[in-house]
Structure formats: C-alpha cells, structure tokens
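In what follows, a single structure is set out as structure tokens and then discussed.
Bear in mind these aren't lab numbers, they're just calculated from the coordinates by the rules spelled out. These figures come from a predicted structure and were not determined experimentally. Counting neighbours? That spans all protein chains shown, and the Cβs are built from the backbone with ideal geometry, glycine included.
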Amino acid sequence: MSLKDRITEDMKAAMRAKDSERLGTIRMITAGIKQREVDERITLDDVQVLSVVEKMIKTRKESIEQFKAGNREDLVARESKEIELLQGYLPAQLSAGEVDALIAAAIAESGATSIKEMGKAMALLKQKAQGRTDMAAASAKLKAKLSG
C-alpha cells in the first residue's frame, strides 16, 4: 500500500470515528498532495509525498516558535498535535550514530574533501536519509566534517 493510499484510508477511518482533529490534519495533507500534483502535473510517489509531509512539519515548527513568542499556548498545543500526527507518516527515524555513518559513507562515495564539494555528498546523503532524519541537522554535521 502506498503512502498516499494509507493517508486516504486513515482519512476514512477518522471520518468513521468522528475524530475531527485527526480528520482536519489528514485533509490538510491530502490538500497539500493534490496541490503539488496539480501544480506540477504529476502523480506523486511515496518519496514526494514524504517531502510534502516534511515541509508541513517544518512549517508547523516555525509556527510554534512564533506562537511561543506571542504567548499563544493554545496554538502551540494545536500545532504540536498536528506535528505528532504528521510524524506518524514518516519512516522510522535514524539514530545519531546511523546518521554519522551515512555522512561518512556519502563523503567517501562522493570523494568530497572540502566545503566546495559539499553538494555532491549532500545529494547522496539526501537520497539515503530523506524522511528519516532532520536534513538541516544532517547538513550541519556534513559541513562540520568537511570543514574540520
């Protein structure tokens, strides 16, 4: 079952259970997927659906920062619940050691020796770790290894 099909089935289950919070979040995911499909005139595969979900999580995290600054704890709680639901669609997250091993493998495979060649290693790392780790943190680790 593809990730898109799983999301659709979860939406149906949320409708049957009358779980309005979960249903709203799942509808938001489906809307994001359909919007990207229409904009790019393609049918998204699992990797592309994951990128849509990751983008939504990133947006929610940024919103939480703003809501905390504005003392809106009610909105922080709502965004946090949405992040929890969205993370349910991501694959199992990698441990710090696994991320370090993937970074070392990407550097070795790409032959990168300096920050100028970081793009090559980052492309390989993104293929292997997309959706399974915070890519911003992985990028920072990769940059530190190449500059150090």
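The distance from the alpha carbon centre of region 17-51 to that of region 97-115 is 33 Å, rounded to a whole number.
In this Cβ point-charge picture (+1 for Lys and Arg, -1 for Asp and Glu), region 3-87 has a dipole of about 220 debye about its Cα centre. Checked against a 32 Å cut-off, the cross-linked pairs Lys58/Lys143; Lys4/Lys143; Lys34/Lys116; Lys18/Lys141; Lys34/Lys126 give Cα-Cα distances beyond that limit for Lys4/Lys143; Lys34/Lys116; Lys18/Lys141.
With a cut-off of 14 Å between beta carbons, the residues surrounding Lys58 carry a summed charge of -3, where Lys and Arg count +1 and Asp and Glu -1. With only Cα atoms counted, region 65-148 has Rg and Dmax values of 16.4, 49 Å.
Using only side-chain charges placed at the Cβ, +1 for Lys and Arg and -1 for Asp and Glu, the dipole size of the chain relative to its Cα centre rounds to 160 debye.
Each Lys or Arg adds one and each Asp or Glu subtracts one; over the other residues with Cβ under 10 Å from the Cβ of Ser110, this totals -1. The angle between the Cα long axis of helix 118-129 and the longest principal axis of the Cα atoms of the chain comes to about 50 degrees, rounded to the nearest 10. With a cut-off of 12 Å between beta carbons, the residues surrounding Gln127 carry a summed charge of +3, where Lys and Arg count +1 and Asp and Glu -1. For region 4-86, the spread of Cα positions along the three principal axes, ordered from largest to smallest, is 40, 31, 17 Å.
Peptides 30-43, 130-143 ranked from most to least packed give 130-143, 30-43, packing being the mean of other C-beta atoms within 10 angstrom over each peptide's residues.
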